[in-house]
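Reading through the structure tokens given below for one structure.
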Amino acid sequence: MIIMKFGKRIHRIGISVDDETLTLLTHLAMIDRKDLTTYVGHLVEEKVHGIRVRVPTLIEDDHKNDCSR
């Protein structure tokens, strides 16, 4: 059972997976140092909302970071 919190409400989503998928998800969660619920919750959020990519801020001067010179 996955517990997701949105605002003040807690929504529960039941997910059924086979043994192989559960083992794989548990292993991947351990690699990311997250508990299984958090890891699967983040997977669902990424699938629904898309992967959020941060655009780096513009550096003061492009020439300061030019390593080719």
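None of the figures in this text is laboratory data; all of them are computed from the coordinates on show. These numbers were taken from a predicted model, which means no experiment stands behind them. Ideal geometry is used to build each Cβ from the backbone, glycine not excepted, and the neighbour counts take in all protein chains shown.
Tabulated data for the structure shown
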| quantity | calculated |
| --- | --- |
| FRET efficiency for residue 33 and residue 13, using Cβ-Cβ distance with R0 set to 30 Å, rounded to 0.05 | 0.85 |
| Distance between modelled label sites at residue 23 and residue 49, nm, 7 Å Cα→Cβ extension | 3.3 nm |
| Per-peptide average of other Cβ atoms within 10 Å, ordering 34-46, 13-25 highest first | 34-46, 13-25 |
